[in-house]
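Trainee: Structure provided below as structure tokens; questions to follow.
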Amino acid sequence: MADRTRAHVYVSGRVQGVFYRATTRDQAGECGVDGWVRNLDDGRVEAVFEGPADAVEGMVEWCHEGSPQARVDDVEAEYGQPEGLDGFEIRR
């Protein structure tokens, strides 16, 4: 089994109101990554991805593009040990 990892990601730009969270959830499902995504009050999107290291890294790379309507200015990612999340959800 591939090494598992966790990425805690903050995405800034025009990333709210452009289906960024829903598209992130769909992409995570395709990649087999667990975690969650939510909007922050400051206009950024916060997400956590857990799963095989290559799949998590793929999700972090995907965040640089995001949904078709999004304009991503910056992606910050911190890596750590997975906490055992199961499934992927949009948090409010």
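Trainee: I'd like the full set of residues that are within 14 Å of Y20 (Cα to Cα) and among the aromatic types (F, W, Y), limited to segment 56-87.
Mentor: Passing the criteria: only W62.
Trainee: Hey, can you tell me all the residues within segment 1-26 that are crowded, with 17+ Cβ neighbours inside 10 Å and small (G, A, S)?
Mentor: Hits for segment 1-26 are A7, G13.
Every residue, every condition in (1) among the hydrophobic types (A, V, I, L, M, F, W, C); (2) touching a His at 6+ places or on another chain (Cβ under 9 Å), yes or no:
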| residue | (1), (2) |
| --- | --- |
| T5 | no, no |
| G17 | no, no |
| V33 | yes, no |
| V48 | yes, yes |
| Q81 | no, no |
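Trainee: Which one is surrounded by the fewest Cβ atoms within 10 Å (Cβ to Cβ), of the residues in segment 27-60 that are under 9 Å from F88 (Cα atoms) and not aliphatic (A, V, I, L, M)?
Mentor: G29
Trainee: Are there any pairs with C-beta distances below 7 angstrom linking a residue in segment 59-72 that is more than 17 Å from R6 (Cα to Cα) to a residue that is surrounded by 12 or more Cβ atoms within 10 Å (Cβ to Cβ) and of a type in the set (G, A, S), with the two at least 6 apart or on different chains, and if so which?
Mentor: Listed pairs, sorted by first residue: A70/G13; R71/G13; V72/G13; V72/G66.
Trainee: Could you list all residues from segment 61-71 that are crowded, with 16+ Cβ neighbours inside 10 Å and not polar (S, T, N, Q)?
Mentor: The initial filter retains those residues of segment 61-71 that are crowded, with 16+ Cβ neighbours inside 10 Å, namely 62-63, 66-67, 70.
Within segment 61-71, W62, C63, G66, A70 meet the criteria.
Trainee: Could you look through segment 72-92, keep only residues that are of a type outside the set (D, E, K, R) and under 14 Å from E57 (Cβ atoms), and pick out the one that is surrounded by the fewest Cβ atoms within 10 Å (Cβ to Cβ)? Show your work before the answer.
Mentor: Initially, segment 72-92 is screened for residues of a type outside the set (D, E, K, R), giving 72, 75, 77, 79-82, 84-85, 87-88, 90.
From what's left, under 14 Å from E57 (Cβ atoms): 75, 77, 79-80, 82.
Working: V75: 21, A77: 17, Y79: 14, G80: 11, P82: 17.
Among them, the one singled out is G80.
Trainee: Would you mind stating whether G13 is modelled with pLDDT of 95 or more and on the phi > 0 side of the Ramachandran plot?
Mentor: Working: modelled with pLDDT of 95 or more: yes; on the phi > 0 side of the Ramachandran plot: yes.
The answer is yes for G13.
The values are calculated or read from the model by the stated rules, or taken from the named source; none is laboratory data. In this text, all values refer to a predicted model and were calculated from it rather than measured experimentally. For neighbour counting, all protein chains shown are included, and Cβ atoms are generated from backbone atoms with ideal geometry for every residue, glycine included.
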